[in-house]
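Participant: Structure incoming, see below.
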Amino acid sequence: MNQIPVHVAIIMDGNGRWAQQRGLPRFYGHKEGISAVRRVVKTSKQENIKYLTLYSFSTENWKRPKEEVEFLFSLMESQLREEMNSLHQENIRVRFAGRIQLLPEKLQTIISDTEKLTDANTGLNLTFAVNYGGRQEILDAIKRMLEKNRNCLINEDTIRKFFYVPELPDVDLLIRTAGEQRLSNFLIWQSVYAEFYFTPVLWPDFSEHDFKQALEEFARRKRRFGGI
Ligand code: IPE
Ligand code: IPE
Ligand code: MG
């Protein structure tokens, strides 16, 4: 029963509902969601998970009111500023996947500072998917590939080399909170053989125990990858 997923990806959903249930504006849910991020990072380290990828902002999330979008970006910026040194001290290698060049400049700066600072770290690989879309990732990769060499060899490995974070392996366990059971354009290429785990728990409430339950469920699954 000690099968540990190499790559865990999480769709952190339900912040808005968490706040609404308390009669608070949606922003409070996003703020409270930070504590759940801290918990999953801590537990991932304890459980020796090598890759943790967190869906933080999708290419579709631009449809939200401007104030909410701006709030999310400023929350990310201030959190990164606050946490980058401790992430580094914990030997965590932080990466960002998505169309980063379309984010506010201040956020782009702290993103590149954090990546540079933690680049040589050898512990947990923590990736934040920001302004990320799975379909966009594949399109961007093919475009960049052809720009580099119009006669390039096209196969799974050569396309992968142009993904936002090329070293990210396939997803083993994909968790989505808040009861929704869909991918919402997250890691579509990398999740072809992921085990899915859905829980009704809203993201800000997602506890260490909830995470461990997902890991236990994963350990019980029989993966066949098309074989028998
Ligand atoms: C997830 O929570 C956070 C982001 C998408 C940025 P939501 O904001 O989607 O929360 P609900 O789904 O409205 O409850
Ligand atoms: C997915 O959640 C995106 C993130 C968690 C960042 P959404 O709340 O945006 O997804 P839909 O709209 O319910 O599919
Ligand atoms: Mg949602």
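The values are calculated or read from the model by the stated rules, or taken from the named source; none is laboratory data. As the structure is a prediction and not an experimental result, all values here were calculated from the model. A quick note on method: Cβ atoms are made from the backbone with ideal geometry, for glycine too, and the neighbour counts reach across all protein chains shown. The accessibility values were calculated without ligands, DNA or RNA, using every heavy atom of the protein model including side chains. Shrake-Rupley method; radii C 1.70, N 1.55, O 1.52, S 1.80 Å.
Participant: Considering only Cα-Cα distances, which of the following residue pairs are longer than 25 Å: LYS116/LYS212; LYS45/LYS66; LYS31/LYS212?
Facilitator: Pairs exceeding the cut-off: LYS116/LYS212; LYS45/LYS66.
Participant: With a 1.4 Å probe and all protein chains left in place, how much accessible area per residue does segment 7-77 have, in Å²?
Facilitator: Per-residue value: 48 Å².
Participant: May I ask you to list the lysines whose Cα is less than 18 Å away from that of LYS143, ignoring any residue fewer than eight positions away on the same chain?
Facilitator: LYS143 reaches LYS161.
Participant: Residues with beta-carbon under 10 Å from that of LEU173, excluding LEU173: net charge, scoring Lys, Arg +1 and Asp, Glu -1?
Facilitator: Its environment carries a net charge of -2.
Participant: Further, regarding this structure: Can you list the HN-Hα couplings for segment 161-178, worked out from phi with the Karplus curve (6.51, -1.76, 1.60; θ = phi - 60°), rounded to whole Hz and with x for Gly and Pro?
Facilitator: Residue by residue, segment 161-178 yields 4, 9, 5, 4, 10, x, 7, 5, x, 4, 7, 8, 10, 10, 9, 10, 8, 6 Hz.
Participant: Compute the Cα gyration tensor for the chain, then decide on rounded, prolate or oblate, letting a ≥ b ≥ c be the square roots of its eigenvalues: rounded whenever a/c is under 1.5, prolate when a/b is larger than b/c in the other cases, and oblate in all that remain.
Facilitator: rounded
Participant: Among the aspartates and glutamates, select those whose C-alpha is under 15 Å from the C-alpha of LYS106, and discard any that sit fewer than 8 residues away in the same chain.
Facilitator: Here the aspartates and glutamates satisfying the reach criterion relative to LYS106 are GLU70, GLU77, GLU82, GLU115.
Participant: Comparing GLY134, GLY98, GLY23, which has the greatest mean-square fluctuation in the GNM of the chain with Cα pairs linked when under 10 Å apart?
Facilitator: Among GLY134, GLY98, GLY23, the largest mean-square fluctuation in the Gaussian network model of the chain belongs to GLY23.
Participant: On to the next question. Quick one: ranking TYR28, TYR132, TYR197 by accessible area, 1.4 Å probe, largest first, what do you get?
Facilitator: TYR28, TYR197, TYR132
Participant: Same structure, new question: Excluding ARG22 itself, what net charge comes from residues whose Cβ is under 15 Å from its Cβ, given Lys and Arg +1 and Asp and Glu -1?
Facilitator: After counting each charged neighbour, the total is +1.
Participant: Please work out whether segment 168-228 counts as rounded, prolate or oblate from its C-alpha gyration tensor, where a ≥ b ≥ c are the square roots of the eigenvalues and a/c under 1.5 means rounded, while otherwise a/b larger than b/c means prolate and anything else oblate?
Facilitator: Oblate, since a/c reaches 1.5 and b/c is not below a/b.
Participant: Take the solvent-accessible surface of the protein heavy atoms, probe 1.4 Å, and return the percent of it on the chain that carbon and sulfur atoms account for.
Facilitator: 51
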